């Protein structure tokens, strides 16, 4: 008796096709703005695949425009001899970080992150093995890392497909404009709306950012 044919492997769903079926507004935005890759380097290649450097950039960018965050990060990178790394940050010290443009609090956060990475108190590469919820909890346990920073890192750093940084001002403004709301929605309202976009909320976020094409100061 011949062996049964091998089961055909189903192709992975196209995230944008799924979103288009679920939400007519997102479908319209795809026609207008294409299908942005949520995982392309959003920082001009500054951090590459270096998780520590990516978090330094994310912390630097709290409450700043993207251009200002890049300027501060670039000064830290130059002062540490390339991409920021834990030993270089420790050698630079809080005063050196402040000279690069970080606030006193952010300098303490970045120094603390470097110390924890060097001591093994946190293994940033180990986040790859954690679920989204576990990775979020590990990141938010670090001083200076709030929900926005953790979600942004999950999306751009860990390249998780189902992350919606609802605290992001740009995301909220895009939702207000594209759904013709009377006022900018709160983060919880954006999260409720985004439930219909799971498990591809990162793609929806990328599309909303693309539609806005606006730099806005993010929260911590």
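Out of the residues in segment 114-131 meeting the condition of being touching a helix residue (DSSP H, G or I) at 6+ places or on another chain (Cβ under 6 Å) and part of a helix (DSSP H, G or I), tell me which one is surrounded by the fewest Cβ atoms within 10 Å (Cβ to Cβ).
Taking segment 114-131 and keeping what is touching a helix residue (DSSP H, G or I) at 6+ places or on another chain (Cβ under 6 Å), we get 114, 117-118, 122, 124, 127.
Remaining after also requiring part of a helix (DSSP H, G or I): 114, 117-118, 124, 127.
Numbers: 114: 24, 117: 21, 118: 14, 124: 21, 127: 19.
Top of the filtered list is 118.
Is there a residue in segment 148-159 that is farther than 22 Å from residue 203 by Cα and modelled with pLDDT under 95?
First pass over segment 148-159, keeping only residues farther than 22 Å from residue 203 by Cα: none.
Scanning segment 148-159 turns up no residue that is farther than 22 Å from residue 203 by Cα and modelled with pLDDT under 95.
Among the residues here, residue 52 does not qualify as under 21 Å from residue 163 (Cβ atoms) and at pLDDT below 95.
On inspection, residue 183 fails the criterion of being surrounded by 15 or more Cβ atoms within 10 Å (Cβ to Cβ) and free of Cβ contacts under 8 Å to residues at least 24 places away in the same chain. Would it be correct to say that residue 16 is closer than 30 Å to residue 180 by Cβ and surrounded by 15 or more Cβ atoms within 10 Å (Cβ to Cβ)? For residue 16, the condition - closer than 30 Å to residue 180 by Cβ and surrounded by 15 or more Cβ atoms within 10 Å (Cβ to Cβ) - is met.
The values are calculated or read from the model by the stated rules, or taken from the named source; none is laboratory data. Bear in mind the structure is a predicted one, so any value in this text is a computation, not a measurement. We place every Cβ from the backbone using ideal geometry, glycine too, and count neighbours over all the protein chains shown.
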